[in-house]
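S.K.: Structure in structure tokens, see below.
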Amino acid sequence: MAGRSRGLSRTTVSNLVTYALVVIAFVVVQAMVSNRMLTYSLQGQLVPICAYIVMAVSLNLVVGLSGELSLGHAGFMSVGAFTGIVVAASLADAIPNPVLRLIVAMLFGGGFAAIAGFLIGIPVMRLHGDYLAIVTLAFGEIIKNLLNNLYVGIDDAGVHFSFSSAEALGMAQGGKVVINGPQGAVGITKLSTFVIGFVLVLLAVFVVLNLKGSRSGRAIMAVRDNRIAAESVGINTTKYRLMAFVLSAALAGMAGVLYGMNYSSIVPKKFDFNTSILILVFVVLGGMGSIRGSIISATVLTILPEALRAVNDYRMLLYAIVLILVMLVTNNPTLKQLWRRIKGSFRRTPKEPAVASEGGDVDA
Amino acid sequence: MGFVSNLVNGISLGAVYAIIALGYTMVYGIAKMLNFAHGDIIMVGGYLCFCSISYLGLNPFVSVLVSIVGCTVLGIVIERLAYKPLREAPSLDVLITAIGVSYLLQNTALLIWGSNPKSFPNLFKSLGNIRLFDGQLVISSTAIVTIATNIVIMLALTWFTSKTRMGKAMRACSEDKGAAQLMGINVNSTISLTFAIGSGLAAVAGVLLCSAYPTLMPTTGSMPGIKAFVAAVLGGIGSIPGAMVGGILLGVAEIFAKAYIGTQFSDAIVFALLIVVLLIKPTGILGKPISEKV
């Protein structure tokens with residue numbers, strides 16, 4: 001991370017490239033939308049792609065930066081989504097401006113997800129490795145199970161909650177059921193737009209890239225690389241691991257609000273183990289610790305199944321095969337060496353020794 | 001009698017989880033990988049058995065055999081093609097590959113058998129249920145077969161890992177692969193053998209699971225797979241008796257939660273049990289404590 005003697009440091013340049021990539025992509029897509037160059041189904045994917053990018057960036061904070069495997073990230077997304085939906089519904093009269101209402105909903109969604117992340121993080125941070133992974137999986141399933149039985153209604157008296165049935169809400173005349181157990185949230189006012197999605201992506205990238213360059217970020221990465229060594233130089237390992245986890249949960253919650261408010265109805269089952277895995281796939285394929293990689297892979301892998309619609313019956317099969325092949329090819333020793341040689345021939349400087357990127361090299 | 005009947009059902013369900021968890025735990029112990037495709041092997045086992053009975057008209061016990069052989073071969077093929085090239089790869093890459101294999105199996109099954117659930121025949125009907133206390137307590141033949149199978153598998157595996165050469169090789173590999181290789185153990189074939197045994201057990205579990213809950217779909221294996229994984233961790237992953245204890249405990253907890261607390265929260269309770277146990281004993285009930293070297 002050492003700065004060069006003149007001009008901008010390598011990290012700054014790399015970060016600027018990432019921002020530029022996001023902005024250029026946004027401008028190009030906006031131009032395509034206004035010229036009607038996108039198909040209808042692809043246009044519908046724009047907001048989900050933004051939400052998935054934010055999810056991938058936030059999970060990268062845990063998996064790439066903090067080095068912990070989390071298998072329940074969709075849980076935070078659903079906490080955010082359903083909190084946001086309830087907040088937006090109850091503020092429908094108080095804040096008529098849809099953009100402002102969505103922002104408030106996002107703040108609440110992110111806040112609630114952060115609280116959930118904190119509560120889950122305290123026990124989780126006592127564990128390590130695969131045990132930590134399985135506990136996050138368990139929490140994700142618990143959140144899904146609880147939300148599947150949550151009923152929320154709004155009437156003149158305020159917001160009502162119940163864990164048994166919609167009738168048990170005891171609402172006054174004219175009350176509206178916002179979340180209806182397994183049927184999920186119904187009658188959502190769609191507030192999410194591509195522009196807001198883009199802003200959220202920028203925000204997430206900004207937060208994570210800044211964290212990475214900060215003192216706290218370096219502490220988080222030190223804990224990842226060697227916990228005991230980090231502890232011995234006085235880094236509070238639990239604090240920094242928890243910090244990454246909670247921040248990641250907050251971003252995931254905001255992504256959840258963006259995602260949830262893009263549909264007229266959404267079920268808790270949408271945010272299950274498979275969704276958590278989907279986001280993990282984005283992070284791993286994009287490269288651990290690489291924010292740019294997460295953005296690209298989240299975009300490509302969301303469009304890929306859409307692009308394969310022509311072979312509808314086989315698309316998930318092809319997706320699976322692509323996944324396996326990518327992993328096999330990127331880990332093939334012969335190809336790895338070949339790639340290194342190609343890379344080396346482009347470089348003027350004498351060959352650097354190949355660094356094993358076990359824990360994930362960190363670059364933006 | 002309700003309590004005893006629930007207990008029997010719980011143990012029976014737990015016995016299935018335990019058999020699946022054995023596959024997880026053995027593979028984890030030796031290859032240090034979370035084999036997420038394991039749950040889908042159960043589903044394949046169920047379908048193979050179903051097809052042998054319904055389409056080929058084979059005898060139920062021959063069908064079970066077909067299913068076991070089919071899944072064993074499938075397990076070996078998957079290991080050779082997808083996991084073996086990744087021995088030196090980062091563990092997350094192996095995990096993603098396993099997830100890819102899981103999707104592959106599910107979607108292949110979807111293409112072959114469609115998404116409509118198939119009704120699995122009761123293989124053990126001819127054995128008859130046991131009625132105790134003037135019919136107040138009925139133990140289904142499936143439950144008896146499941147528990148008996150579980151005990152046989154447990155005894156056989158204990159004998160295999162402690163007495164046979166190959167079993168000892170397996171334990172040696174899970175202890176230290178490098179040292180095992182120096183002692184002349186063929187590590188690759190030992191890992192293949194572990195996958196073969198795990199997949200064969202998954203086929204057995206698939207048949208037992210489908211006999212007890214007779215809806216067969218391409219996603220049938222997912223949830224039992226996750227629960228068995230939880231069971232393996234609960235008992236201490238890598239430990240064979242641990243998988244048994246974890247499986248039974250999880251099955252009993254699930255049935256009791258359904259019976260006394262409410263069906264809708266049973267999953268939350270099962271997963272909460274895991275969290276509580278891991279907080280008290282971070283490496284599971286029978287897991288070896290890991291000491292950290294500086």
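S.K.: Within the set B:Lys118/B:Lys163; B:Lys84/B:Lys163; A:Lys269/B:Lys258; B:Lys168/B:Lys227; A:Lys270/A:Lys336; A:Lys336/B:Lys163, which residue pairs have Cα atoms separated by over 31 Å?
M.R.: Working: B:Lys118/B:Lys163 41 Å; B:Lys84/B:Lys163 27 Å; A:Lys269/B:Lys258 20 Å; B:Lys168/B:Lys227 29 Å; A:Lys270/A:Lys336 37 Å; A:Lys336/B:Lys163 42 Å.
Violating the 31 Å limit, Cα to Cα: B:Lys118/B:Lys163; A:Lys270/A:Lys336; A:Lys336/B:Lys163.
S.K.: How much mean residue ellipticity at 222 nm does the protein assembly as shown get from its helices, if each DSSP H run of length 4 or more adds -39500 (n - 2.57) and you divide by all residues, to the nearest 500 deg cm²/dmol?
M.R.: Numbers: 25 runs with 432 residues, N = 658.
Using -39500 (n - 2.57) per qualifying helix, the result is -22000 deg cm²/dmol.
S.K.: Taking θ = phi - 60°, what integer Hz values does the Karplus form 6.51 cos²θ - 1.76 cosθ + 1.60 yield along segment B:67-84, in sequence order, with x for Gly and Pro?
M.R.: Couplings: 4, 5, 5, x, 5, 4, 4, 4, x, 5, 4, 4, 4, 5, 7, 9, 9, 4 Hz.
S.K.: Suppose a student asked you for the relative contact order of segment A:11-346, using Cα pairs under 8 Å spaced at least 6 residues apart; what percent would you report?
M.R.: Relative contact order here is 30 percent.
S.K.: Could you list A:Ile143, A:Ile188 so that the one with the fewest beta carbons within 10 Å of its beta carbon is first and the one with the most is last?
M.R.: Working: A:Ile143 25, A:Ile188 22.
Ordered by Cβ neighbours within 10 Å, fewest first: A:Ile188, A:Ile143.
S.K.: For each of B:Glu88, A:Glu231, count neighbouring Cβ atoms within 10 Å of the residue's Cβ, then give the residues from fewest to most. Intermediate results must be reported in sequence, preceding the final value.
M.R.: On the way: B:Glu88 7, A:Glu231 15.
With the sparsest Cβ surroundings first, the list reads B:Glu88, A:Glu231.
S.K.: A further question on this structure: Order these by the 10 Å Cβ neighbour count, fewest first: A:Leu258, B:Leu48. Don't jump to the answer; show the numbers that get you there.
M.R.: Values: A:Leu258 32, B:Leu48 22.
Starting with the residue having the fewest Cβ neighbours, the order is B:Leu48, A:Leu258.
S.K.: Once you put a point 7 Å from the Cα of A:Glu231 and another 7 Å from the Cα of A:Gln43, both along the Cβ direction, what distance in nm separates them?
M.R.: So the two model labels end up 5.6 nm from each other.
No value in this document is a laboratory result; all are computed from the given coordinates. Computed from a predicted model, the values in this text were never measured in an experiment. Here Cβ is always computed from backbone atoms with ideal geometry, including for glycine, and neighbour counts include all displayed protein chains.
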